[in-house]
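Colleague: Supplied in structure tokens, the structure appears directly below.
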Amino acid sequence: MLQGKSRWKTVAVGAAVAVVAVLGWLVYRHGRDAAMLRLAPDSLPENASLYAFAVSGGKGVFARNCAGCHGADMKGDRKTGVPDLTDVDWQFGEGRVAEIEQIALYGIRAADHRTKNQADMPAFGREQPYARYSIPTLTPQEMDDIATYIGVTQGREAEPEALKRGIALFDTKGQCFDCHGNDMGGDTFIGAPNLADKVWVNGDGSKKAIIDIIAQGRVGVSPMFKNTLSPAQIRAVAAYIHSKAIPPPPAA
Amino acid sequence: MAKSPSSTPAKPAGTPPAKTVKDLFAWSEHPHRTLIIGAIGAIVGLGMAGFGLFTAEGTRVRSVPPEAVAVVNGRPVLISDFVAQVEAEMGVKYSEANAAQRKMVLEEMISEELFVQRGLEIDEPSVDPDVRSALVSAVQTQVAVDAITKSPTDDELRTFYEAHKASYSSMGLMTVKDLVAPRGTDPTTAMNNARAAAAALRAGQAVEAVGARYNMKDSGKVMGEELYFAAQIHLGDALFAQAVKLKPGEVSDPVLQADGPHVLVTVTNTTPQARTFEDARIAVMTDFKQALQNQMQVNEDKFLRVRADILIAKAFQ
């Protein structure tokens, strides 16, 4: 058994080794964070080692800050309009690390001039459909006709006259084309969803659900994390989300 | 070798020892040492303060943090923002932007940051109404940001729904025909015609035939099926109040308006039905957030007033 003095010596050496190890780990970690941050965000996936480092760090950040809405499986919730982050159908941008990072930093419709906040889905069944400027309300028949037109892209049959009216309304009074495009392809710059791809952020794509969206509008939001997460955490979570959006395998 | 005591001449008694040159420069011996140190300290301090105050060099950050592309007076310009700005301004992906484009954008961002900082220095919000208005709006949004981005729980939404259940109903819909006497018709004749028209309509005669017979025409205020709120806007409060009470097929008594007596015939009238929580969930969430935002803004206003020193002249209290 070690004598008193020797024992304290051993403890002191052990503590010193532990302190050095912890310091070493912190320095290593700081160095990796710095290297990750110095890259342009979209260059990160090209650096396998740093990308893996970022993805592993981002997992915990996501669990603590994003999973509450998007779910631990990142599948979102169509009842509340929270998008699926794994389906490569991006509402804003194309799913690049730089784009995801900007959303993590400044959010969607959050309180920063760099936030995503160019347009909202009006509530055509309310007295004042749009807060940004004046647009006309739609009658129930008109909303029904537009939903009929959109339903065709989902493979539903449509009565020809209703379809004709729906197409006209989509391009005129409803002003739907302005955000969703004449081809219903959407606009990922302003976050207008693609209406023709059978991927729904809100609801199940049924006629009732579409009419509800037209009548009540939608204003999706996401918090900004600029002031609550470090730059390294934000870069890491962006990389993690990027890594989970796996494109489907090419058709055989 | 020890010196012989006789080698040093003897000093007369009472004479202070002569100071050598070395003694004069010996700091510990300097009679004004405290004063000099104090003066040097004051000069250096004032110099540093002035340098920092007038050039911002005194607070300079000596290195650029890894997440930044530049630091402007201590405020970093993030690489992420720089990349986004290059892409937005140049319309190309960052990797495709050339060095000149990147340089140009960076210089613009630095200039913008400098102007923003200068704007704050010269208290621009007090001078420019647009800046002032934008600042108010920004603070209001900032205050409400937690409400905007909050994801309320099901329990919170249900509680809100129960407290405001009357607000959640299906859309009230009506199709109504509105007949009115043409402008210029003698008021008494117009009212008699309206009464006769109402009676004929109640007897089951067709609207068009009754209109032709009693010189009444469609007012054109409503067209087809309308939501209640739209019908109310189009008809006006008085006519809508009559219309909403009518069942399909019922006819109103003449309602005198500024443009003459009106007679309403209701074709359909679907009164609003209470919606279940599940059915109204999205509307409940929208209203919940709005209510929360309003509450937060009111609270912020109260908080600012409590901590502020506001004096109002007696005459204006």
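The values are calculated or read from the model by the stated rules, or taken from the named source; none is laboratory data. From a predicted model like this one, the values you see are computed outputs, not experimental measurements. So basically every Cβ, Gly included, is an ideal-geometry build from the backbone, and we count neighbours across all protein chains shown. The area values use the complete protein model at the heavy-atom level, side chains included, leaving out ligands, DNA and RNA. Shrake-Rupley method; radii C 1.70, N 1.55, O 1.52, S 1.80 Å.
Colleague: State the number of residues belonging to the stretch A:83-107 that are at the interface with another protein chain (Cβ under 8 Å from one of its Cβ atoms) and within 23 Å of residue B:293 (Cβ to Cβ).
Modeller: Residues flagged as at the interface with another protein chain (Cβ under 8 Å from one of its Cβ atoms) and within 23 Å of residue B:293 (Cβ to Cβ) within the stretch A:83-107 amount to 2.
Colleague: Further, regarding this structure: Might you let me know whether the stretch A:152-161 holds any residue that is at pLDDT 90 or above and open to solvent by less than 30 Å² (accessible area, probe 1.4 Å)?
Modeller: No, that holds for no residue.
Colleague: Continuing with this model, one more query. On the given criteria, is residue B:245 more than 14 Å from every other protein chain (Cβ to nearest Cβ), within 24 Å of residue B:171 (Cβ to Cβ), open to solvent by 20 Å² or more (accessible area, probe 1.4 Å) and of a type in the set (D, E, K, R)?
Modeller: Details: more than 14 Å from every other protein chain (Cβ to nearest Cβ): yes; within 24 Å of residue B:171 (Cβ to Cβ): yes; open to solvent by 20 Å² or more (accessible area, probe 1.4 Å): yes; of a type in the set (D, E, K, R): yes.
Yes.
Colleague: With respect to the numbered conditions (1) under 29 Å from residue B:95 (Cβ atoms); (2) modelled with pLDDT under 95, which one is the sole condition not fulfilled by residue A:54?
Modeller: The number of the failed condition is (2).
Colleague: Here's something else I'd like to know. Could you please give the count of residues in the stretch B:180-196 that are open to solvent by less than 70 Å² (accessible area, probe 1.4 Å) and either on the phi > 0 side of the Ramachandran plot or more than 54 Å from the chain's Cα centre (by Cα) (or both)?
Modeller: 3
Colleague: Kindly check whether there is at least one residue in the stretch A:224-239 that is among the charged types (D, E, K, R) and more than 22 Å from residue A:81 (Cβ to Cβ).
Modeller: Pass one, the stretch A:224-239, residues among the charged types (D, E, K, R): A:226, A:235.
Okay, now just the ones that are also more than 22 Å from residue A:81 (Cβ to Cβ), so A:226, A:235.
Taking every residue of the stretch A:224-239 in turn, at least one turns out to be among the charged types (D, E, K, R) and more than 22 Å from residue A:81 (Cβ to Cβ).
Colleague: What is the residue count in the stretch A:181-233 for residues that are within 12 Å of chain B (Cβ to nearest Cβ), assigned to a loop (DSSP other than H, G, I, E, B) and touching a Ser or Thr at 6+ places or on another chain (Cβ under 8 Å)?
Modeller: So the answer is 5.
Colleague: Whether any residue in the stretch B:264-283 is open to solvent by less than 20 Å² (accessible area, probe 1.4 Å), touching a residue at least 12 places away in the same chain (Cβ under 8 Å) and of a type in the set (D, E, K, R) is what I want to check.
Modeller: Of all residues in the stretch B:264-283, those open to solvent by less than 20 Å² (accessible area, probe 1.4 Å) come to B:264-266, B:277, B:280-281, B:283.
Now restrict to residues that are touching a residue at least 12 places away in the same chain (Cβ under 8 Å): B:264-266, B:277, B:280-281, B:283.
Add one more test, that the residue is of a type in the set (D, E, K, R), and what stays is B:281.
Within the stretch B:264-283 (the criterion being open to solvent by less than 20 Å² (accessible area, probe 1.4 Å), touching a residue at least 12 places away in the same chain (Cβ under 8 Å) and of a type in the set (D, E, K, R)), the answer is yes, since at least one residue qualifies.
Colleague: Within the set of pairs 6 or more residues apart or between chains, which connect a residue that is touching a residue at least 12 places away in the same chain (Cβ under 8 Å) and more than 7 Å from chain A (Cβ to nearest Cβ) inside the stretch B:142-154 to a residue that is of a type in the set (Val, Ile, Thr) and surrounded by fewer than 19 Cβ atoms within 10 Å (Cβ to Cβ) with Cβ atoms less than 7 Å apart?
Modeller: none
Colleague: Considering every residue within the stretch A:29-45, establish whether at least one is touching a helix residue (DSSP H, G or I) at 6+ places or on another chain (Cβ under 6 Å) and basic (Lys, Arg).
Modeller: Yes, there is a match, as at least one residue in the stretch A:29-45 is touching a helix residue (DSSP H, G or I) at 6+ places or on another chain (Cβ under 6 Å) and basic (Lys, Arg).
Colleague: Give the residues of the stretch B:90-116 that are open to solvent by 70 Å² or more (accessible area, probe 1.4 Å) and not hydrophobic (A, V, I, L, M, F, W, C), sorted by residue number.
Modeller: B:93, B:95, B:96, B:98, B:103, B:107, B:108, B:112
Colleague: Here is a follow-up. Considering only the stretch A:114-125, state which residues are facing chain B (nearest Cβ under 8 Å) and surrounded by fewer than 20 Cβ atoms within 10 Å (Cβ to Cβ).
Modeller: Across the stretch A:114-125, the qualifying residue is only A:114.
Colleague: So which helices (runs of 4 or more DSSP H) stay within the stretch B:208-317 end to end and still have 1 or more residues that are β-branched (Val, Ile, Thr)? Give the steps one after another, and end with the answer.
Modeller: Values: elements: B:228-235, B:237-243, B:277-307.
The qualifying helices (runs of 4 or more DSSP H) are B:228-235, B:277-307.
Colleague: Also: Please determine, by comparing only the residues of the stretch A:93-110 that are assigned to a loop (DSSP other than H, G, I, E, B) and open to solvent by 20 Å² or more (accessible area, probe 1.4 Å), which one is modelled with the highest pLDDT. If you could, list the steps in order and put the result at the bottom.
Modeller: Step one: of the stretch A:93-110, the residues assigned to a loop (DSSP other than H, G, I, E, B) are A:93-96, A:107, A:109-110.
Next cut, open to solvent by 20 Å² or more (accessible area, probe 1.4 Å) only: A:94, A:96, A:109.
Numbers: A:94: 91, A:96: 94, A:109: 86.
By that ranking, first place goes to A:96.
Colleague: Only one of B:80, B:151, B:126 is open to solvent by less than 40 Å² (accessible area, probe 1.4 Å) and hydroxyl-bearing (Ser, Thr, Tyr). Can you tell me which? Outline the logic, then answer.
Modeller: Working: B:151 fails: open to solvent by less than 40 Å² (accessible area, probe 1.4 Å); B:126 fails: open to solvent by less than 40 Å² (accessible area, probe 1.4 Å).
Only one candidate passes the filter, namely B:80.
Results for (1) more than 21 Å from residue A:226 (Cα to Cα); (2) more than 27 Å from the chain's Cα centre (by Cα); (3) away from chain A (no Cβ under 14 Å), shown as yes or no for each residue.
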position	(1), (2), (3)
B:66	no, yes, no
B:69	no, yes, no
B:75	no, no, no
B:82	no, no, no
B:88	no, no, no
B:96	yes, yes, no
B:110	no, no, yes
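Colleague: Here's something else I'd like to know. Sort through A:215, A:238, A:192 and tell me the only one that's within 30 Å of residue B:144 (Cβ to Cβ), more than 17 Å from the chain's Cα centre (by Cα) and touching a residue at least 60 places away in the same chain (Cβ under 8 Å). Before you say what the answer is, go through the steps one by one.
Modeller: On the way: A:238 fails: more than 17 Å from the chain's Cα centre (by Cα); A:192 fails: more than 17 Å from the chain's Cα centre (by Cα).
Answer to the selection: A:215.
Colleague: Take the residues of the stretch A:130-154 that are more than 25 Å from the chain's Cα centre (by Cα) and part of a loop (DSSP other than H, G, I, E, B): which is farthest from residue B:234 (Cα to Cα)?
Modeller: Among them, the one singled out is A:133.
Colleague: Among the residues of the stretch B:98-140, count how many are outside any helix (DSSP H, G or I) and modelled with pLDDT of 95 or more. Lay out the reasoning, then the answer.
Modeller: Taking the stretch B:98-140 and keeping what is outside any helix (DSSP H, G or I), we get B:98, B:122-123, B:128.
Within this subset, residues satisfying the condition of being modelled with pLDDT of 95 or more are B:98.
Matching residues across the stretch B:98-140 total 1.
Colleague: Next up: Just the residues that are outside any loop (DSSP other than H, G, I, E, B) and either in the same structural domain as residue A:102 (by TED's automatic domain parsing) or crowded, with 17+ Cβ neighbours inside 10 Å (or both), please, taken from the stretch A:168-180.
Modeller: At the first step, the residues of the stretch A:168-180 found to be outside any loop (DSSP other than H, G, I, E, B) are A:168-171, A:176-180.
Matches in the stretch A:168-180: A:169, A:170, A:176, A:179, A:180.
Colleague: Go through (1) within 22 Å of residue B:169 (Cα to Cα); (2) within 14 Å of another protein chain (Cβ to nearest Cβ); (3) open to solvent by 10 Å² or more (accessible area, probe 1.4 Å) one by one and return the number of the condition residue B:227 breaks.
Modeller: Going through the list (1) within 22 Å of residue B:169 (Cα to Cα); (2) within 14 Å of another protein chain (Cβ to nearest Cβ); (3) open to solvent by 10 Å² or more (accessible area, probe 1.4 Å), residue B:227 breaks only (3).
Colleague: Here's another thing I want to ask about it. Only one of these conditions is not met by residue B:177: (1) open to solvent by less than 50 Å² (accessible area, probe 1.4 Å); (2) over 19 Å from residue A:80 (Cβ atoms); (3) in contact (Cβ under 8 Å) with a residue 40 or more places away in the chain. Which number is it?
Modeller: That leaves (1) as the condition not met.
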